[in-house]
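Below is one structure, written out as structure tokens; the observations come after it.
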Amino acid sequence: MLRKMSLAAWLMAMWGIAPAMAERTPSPPNAEAYIIWPADGTVIQGGKFWVRMGLRNMGVCPKGVKLPNVGHHHLLVDTDLPPLGEPIPSDRNHLHFGAGETEARLELPPGKHTLQMLLGDSDHVPHDPPVYSKKISIIVR
Ligand SMILES: [Cu+2]
């Protein structure tokens, strides 16, 4: 009896951690995310601007949609890529576009800033291999 219970407890523990160990959503090898605008080094007057996000060989879908070769955009502002095996954080440095937006209105204070795109799957986890853009720098005046 004791042995049976511990087996059940073990199984429950395994199920409990299974989602964290789930396989990541595959991306096609030719997938490419890129920032259409602004270009690297752009000087922006006033701090309010649109970011236009491009994606090749995959489709943009709202969060929660489980289809092959789709995802939604995330914009990393003034930060590096997060850990790629878990959901992308959601804060002022990690912006989610869960409605499937491909353009984002940003407002940043004067100074140098970095922008990088990272695609997430239906659960906000980066694909395997991850699809992210080059990191660019802009200057707000
Ligand atoms: Cu997301």
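Some observations on this one:
- Summing +1 for each Lys or Arg and -1 for each Asp or Glu among the other residues whose beta-carbon sits under 11 angstrom from that of residue 26 gives -2.
- For region 26-141, the Cα gyration tensor yields ellipsoid semi-axes of 24, 13, 12 Å (square root of five times each eigenvalue, largest first, whole Å).
- Each part gets one Cα centre, and for region 26-40 versus region 85-122 those centres are 14 Å apart.
- Nitroxide proxy distance, nm - points 7 Å out along Cα→Cβ at residue 123 and residue 99: 2.6 nm
- A simple spin-label model places pseudo-atoms 7 Å from Cα toward Cβ; at residue 57 and residue 36 they are separated by 2.0 nm.
- Neighbour net charge for residue 90 - beta-carbon separation under 13 angstrom, K R +1, D E -1: -1
- Cβ-based exposure ranking for 123, 91, in which fewest neighbours within 10 Å come first: 91, 123
- Excluding same-chain neighbours fewer than eight residues apart, the lysines reachable from residue 112 by a Cα-Cα span under 30 Å are 48, 134, 135.
- Restricting the calculation to Cα atoms, region 67-120 yields a radius of gyration followed by a Dmax of 11.8, 40 Å.
- Modelled this way, with points 7 Å down the Cα-to-C-beta line, the labels at residue 91 and residue 135 are 1.6 nm from one another.
Every number in this text was worked out from the coordinates using simple rules, so none of it is lab data. These numbers were taken from a predicted model, which means no experiment stands behind them. Note that each Cβ is placed from the backbone with ideal geometry, even for glycine, and that neighbours are counted across all protein chains shown.
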